[in-house]
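Asks: So that we are looking at the same thing, I have put the structure below in structure tokens.
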Amino acid sequence: METLKLAVSKTEYQNSINTAAEILKNGGVVGMPTETVYGLAASAYDDKAIKKVFEAKGRPQDNPLIVHISDMEMLNEVAEDIPEIVYTLAEKFWPGPLTMVLHRTAKIAESVSAGLLTVAVRMPSSKIALDVISKSGLPLAAPSANVSGRPSPTTASHVVNDLDGKIDAVLMGEDSDFGVESTVITLVGETPILLRPGAVTYEQLLKFLPNLEISDAVLNELKAGDRAESPGMKYKHYAPKTTAFLVEGEGFADFVNKQENAVAVCFMEEAGSIKIPKLIYGSADDKLSLAHSIFGVLREVDKFGAERVFIHAPEKEGVGLAVYNRLIRAAAFKVINI
Ligand code: TXA
Ligand code: MG
């Protein structure tokens, strides 16, 4: 199929939103920008449309999707038995990069939840995403718009590179603000659990959820047979083809300068001391800058044709935890402590 590239400049904006909404109402799939990463959207009520999303991405069938809503009325259509805390969190963090796992209603297509009785919901802050949802009048299930296993797409061209010819359309918006996917928490169990760290930080959430736990899967590899609270956490993710290592401790520049046939992914502050090919992914002190660039940088690594890539690990605080969580997966849990 030919993938429509829908421009979003002022003159074309409304037409493109209308076209995207029509495609979605007719069971099609559309790549759309959000403030976190680009999503591949389909109606959360349409099982056939959702199957197209899984197919285009090559996504494992047991990995459920996040449902995107544009207002609080839609929340009641997709979730039930909603605890009071959800409204408090929504007031503070929506629209924005927080996803809450709740009990699902029967309206949600089975394949969205991949057999679970729950649904993950978020209200994105991206204007384009909100306009597409409200124009179509549909809650939109949307995983990241990458081929499964690849780094998540943070630009329209990443989506085109991965999915051109496999999806109906892409809204050609701006680069994503945050650059890492939303924070996912579950609120269906006895204790709230952070399943995936993102731009809404653990520290911020603790103020509202003092008993919030961090799932083991955030920083550790699940062993065969372990139960995944969030199925997505058990898959290898974000990896370049070059063999990646996450490097912690002092003396990163000295360490990488001794390596042959290697690339370094480093902080701005140390770039001048690194003598091997390198990619800078932001400032060590500005975790948002690291989040913003990391997936784009991971997509660049293979261009060097090196054997190995050494990535300088960020501190695990604030948004750094989200970046670390993605990088440890990109490195398939290979961590070097110098
Ligand atoms: O920022 C984001 O969240 C982006 C944009 C497009 O909104 N979407 C995204 O979707 O990252 P995806 O499919 O790449 O990641 C969804 C994550 C997976 O780790 C999945 O396992 C988890 O959310 N998830 C979805 N539904 C769930 C559920 N019912 N229970 C537990 N985890 C769930
Ligand atoms: Mg994803």
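The values are calculated or read from the model by the stated rules, or taken from the named source; none is laboratory data. Note that the structure is a prediction, hence the values are computed from the model and not measured. All Cβ positions, even for glycine, are placed from backbone atoms using ideal geometry, and neighbour counts span all protein chains on display. These area figures cover heavy atoms from the full protein model, side chains too; ligands, DNA and RNA do not enter into them. Shrake-Rupley method; radii C 1.70, N 1.55, O 1.52, S 1.80 Å.
Asks: Could you sort 287-293, 305-311 so that the peptide with the highest average Cβ count within 10 Å comes first and the rest follow in order?
Replies: Answer by packing, highest mean first, reads 287-293, 305-311.
Asks: Sticking with this structure for a sec: May I ask you to list the aspartates and glutamates whose Cα is less than 18 Å away from that of residue 303, ignoring any residue fewer than eight positions away on the same chain?
Replies: By straight Cα distance, residue 303 reaches 162, 260.
Asks: How many percent of the accessible area of segment 243-337 is carbon or sulfur, using a 1.4 Å probe?
Replies: Of all accessible area on segment 243-337, carbon and sulfur atoms account for 50 percent.
Asks: Along segment 138-148, what does the Karplus equation 6.51 cos²θ - 1.76 cosθ + 1.60 (θ = phi - 60°) give for ³J(HN,Hα), rounded to whole Hz, x for Gly and Pro?
Replies: Running phi through 6.51 cos²θ - 1.76 cosθ + 1.60 with θ = phi - 60° gives 10, x, 10, 6, 8, x, 4, 8, 10, 5, 3 Hz.
Asks: Next up: Work out from phi, with θ = phi - 60° and the Karplus expression 6.51 cos²θ - 1.76 cosθ + 1.60, the ³J(HN,Hα) of each residue of segment 53-60, listed in order in whole Hz, and give x for Gly and Pro.
Replies: 4, 4, 5, 4, 7, x, 8, x
Asks: Can you pull the semi-axes for segment 159-231, root of five times each eigenvalue of the Cα gyration tensor, sorted largest first, whole Å?
Replies: Ellipsoid half-lengths, sorted descending, are 30, 18, 11 Å.
Asks: Follow-up. At q = 0.07, 0.15 Å⁻¹, what base-10 log of I(q)/I(0) does the Debye formula yield for the chain when every alpha carbon is treated as an equal point scatterer in vacuo?
Replies: Result of the Debye calculation: -0.28, -1.24.
Asks: Right, next: Going by the alpha-carbon gyration tensor, a ≥ b ≥ c the square roots of its eigenvalues, is segment 243-337 rounded (a/c under 1.5) or, if a/c is not under 1.5, prolate (a/b greater than b/c) versus oblate?
Replies: It comes out rounded by the Cα gyration axes.
Asks: Please report the carbon-and-sulfur percent of the accessible area for segment 4-218; probe 1.4 Å, protein heavy atoms only, DNA, RNA and ligands left out.
Replies: 50 percent
Asks: Rounded to whole Å, give me the distance from the Cα center of segment 248-325 to that of segment 77-116.
Replies: Using only Cα atoms, the two centres lie 35 Å from each other.
Asks: Whole-Hz ³J(HN,Hα) for each residue in segment 114-131, computed from phi via Karplus 6.51 cos²θ - 1.76 cosθ + 1.60 with θ = phi - 60°, x for glycine and proline: what do you get?
Replies: Going residue by residue, I get 6, x, 7, 8, 10, 9, 8, 10, 8, 10, x, 9, 4, 4, 4, 4, 4, 5 Hz, with x marking Gly and Pro.
Asks: A further question follows. Tell me the label-point distance for the pair residue 12, residue 300, using the 7 Å Cα-to-Cβ offset, in nm and rounded to one decimal.
Replies: If labels sit at residue 12 and residue 300, their model points lie 2.7 nm apart.
Asks: Using a Cα-Cα cut-off of under 19 Å, which lysines could be cross-linked to residue 258, ignoring same-chain neighbours fewer than 8 residues away?
Replies: 275, 278, 334
Asks: Taking Rh as the Kirkwood radius, which is the inverse of the mean 1/r over Cα pairs, what is the Rg/Rh value for segment 114-243?
Replies: Using Cα coordinates only, the ratio equals 0.97.
Asks: Within straight cross-link reach of residue 127, meaning Cα distance under 16 Å, which aspartates and glutamates are found once same-chain residues fewer than 8 apart are removed?
Replies: Candidates past the 8-residue exclusion: 12, 35, 71, 174, 175, 177.
Asks: Under the definition of Cα pairs under 8 Å and six or more residues apart, what whole-number percent is the relative contact order of segment 4-218?
Replies: Result for segment 4-218 is 29 percent.
Asks: Next up: Using only C-alpha positions, report the orientation-averaged shadow area of the convex hull of segment 1-40, nm², one decimal.
Replies: Across all orientations, segment 1-40 yields a mean hull projection of 3.2 nm².
Asks: Under a 1.4 Å probe, what is the accessible area of the chain per residue, stated in Å²?
Replies: Here the residues of the chain average 42 Å² of exposed surface.
Asks: Once the dipole of the chain is set up with Lys and Arg at +1 and Asp and Glu at -1 on Cβ about the Cα centre, which of 88, 173, 206 lies farthest towards its positive end?
Replies: Checked the options; the winner is 173.
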